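Every number here is computed from the coordinates shown, using simple stated rules; none is lab data. These figures come from a predicted structure and were not determined experimentally. Ideal geometry is used to build each Cβ from the backbone, glycine not excepted, and the neighbour counts take in all protein chains shown.
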Amino acid sequence: MDIAVATNELTRVFGSFIAVNKLSINIEAGEIYGFLGPNGSGKSTTIRMLCGILEPSSGSGKVLGYDLAKESEKIKTRIGYMSQKFSLYDDLTVYENLNFYSGLYDVPVRERKSRIAEMVEMAKLTGREKELVANLSVGWKQRLALGCAIISRPSILFLDEPTSGISPTSRKMFFNIIQELANGGTTIMVTTHFMDEAERCNTIAFISEGSLIAKDTPDNLKGKVIKGSM
Ligand SMILES: Nc1ncnc2c1ncn2[C@@H]1O[C@H](COP(=O)(O)OP(=O)(O)O)[C@@H](O)[C@H]1O
Ligand SMILES: [Mg+2]
């Protein structure tokens, strides 16, 4: 069994405030790992540390075998990350956004055209290539943002509340794509507030005030809630 993410007492403080408190988690390669918790519980802070964007205050962790503290530059180029705010250019077209990200992630020039076509198909954006992003609905934007995040074919993808603010139909469509990616071997860590999405994860971890309070399969967690041990 390959481990894609392993942390040991990973901690982040802001001044005297502990945002993430001694978090120890393992994410297996190829699984969908749902990261749940109330607003302000430290989900985004954790993801930003795992993406190599934010330095841990203490503890340690590895992503794809790279050390969070010492090899964050390597991590950044090998992962896909979609933040709560999609980083798209409104005044560029769908195609131009994908082309921009293929350059940013150093996709070999000779592969860019086919890679962009692959992303357009994956994100179900066929026919919209020349559309300005400003004119797309949120659901479409979100799928385009996903295409931009994985144009370099990362083996691990971090999704921070990717389905907030979009319609139930778009949410379902988005999660179907996530499931297809996982079936193809991509490891996915996703934060969500939606129970129907949590149920589609292989593992669910709950955090509260920066600490891990439960971790199990969706079925086992449901059992625990019903038995009242949680
Ligand atoms: N850069 C920062 N400076 C100070 N406090 C921060 C910073 N980033 C996050 N926090 C605080 O850390 C806590 C956890 O935030 P966050 O990780 O965004 O939670 P979540 O994603 O679960 O809603 C919040 O109380 C937030 O205000
Ligand atoms: Mg957040």
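Report, to the nearest 10°, how far helix 94-104 tilts away from the longest principal axis of the Cα atoms in the chain, using its own Cα long axis and a range of 0 to 90°. Taking the Cα atoms of the chain, the angle to 94-104 is about 60 degrees. Separation of the alpha carbons by more than 24 angstrom is noted, of LYS22/LYS43; LYS43/LYS113; LYS43/LYS130; LYS43/LYS172, for LYS43/LYS113; LYS43/LYS130. For the range 32-74, would you read off the P(r) tail past 15 Å as a percentage of all alpha carbon pairs? Result: 44 percent of Cα pairs exceed 15 Å.
Taking a quarter of the surface of the Cα convex hull of the chain gives a mean projected area of 13.1 nm². Here each label is just a point 7 Å from Cα along the line to Cβ, and for SER16 and ILE213 those points are 2.4 nm apart.
Phi-derived couplings, Karplus 6.51 cos²θ - 1.76 cosθ + 1.60 at θ = phi - 60°, listed residue by residue for the range 172-180: 5, 4, 5, 5, 4, 5, 4, 5, 4 Hz, with x used for Gly and Pro. For ILE79, the amide hydrogen comes within under 5 Å of no other amide hydrogen, counting only partners 5 or more places away or on other chains and with H modelled in the peptide plane.
Loop-located trypsin sites (Lys or Arg not before Pro) across the range 1-97 with a Cβ neighbour count of 15 or fewer within 10 Å are LYS70, LYS85, with loop assigned by DSSP. Amide H to amide H distances under 5 Å link GLY61 with ASN8, LEU68, ALA69, where only residues 5 or more positions off or on other chains count and H is placed in the peptide plane. A Cβ-based charge dipole, computed about the Cα centre of the chain with Lys and Arg at +1 and Asp and Glu at -1, lands at about 60 debye. Amide H to amide H, with H built 1.01 Å from N, ALA19 comes under 5 Å of ARG12, VAL13, PHE14, counting only residues 5 or more places away or on other chains. Sequentially through the range 149-163, phi angles give Karplus couplings (6.51, -1.76, 1.60; θ = phi - 60°) of 6, 10, 5, 8, 6, x, 8, 9, 10, 10, 10, 9, 6, x, 10 Hz, Gly and Pro residues having no value and appearing as x.
Couplings for the range 143-148, taken from phi via the Karplus curve 6.51 cos²θ - 1.76 cosθ + 1.60 with θ = phi - 60°, read 6, 5, 4, 5, x, 5 Hz in order; Gly and Pro are left as x. Fully extending the segment from THR169 to HIS193 would add 7.0 nm, taking 0.36 nm per residue of separation and subtracting the current Cα-Cα distance. Annotation for GLU118 and LEU132: the two label points, set 7 Å from Cα along the Cα-Cβ direction, are 3.1 nm apart. Here LYS74 is the anchor, and the lysines within straight C-alpha reach of less than 19 Å, apart from those fewer than 8 places off in the same chain, are LYS62. Calculate how large, on average over all directions, the projected area of the Cα convex hull of the range 90-154 is; give the answer in nm² to one decimal. Spelled out: convex hull of the Cα atoms, projected over all directions, averaged, 3.8 nm². Comparing LEU92, LEU36, LEU146 in a Gaussian network model of the chain (Cα springs below 10 Å), the most mobile by mean-square fluctuation is LEU92. Put in line by how crowded their Cβ is, counting other Cβ atoms within 10 Å and starting with the fewest, PHE35, PHE17 read PHE17, PHE35.
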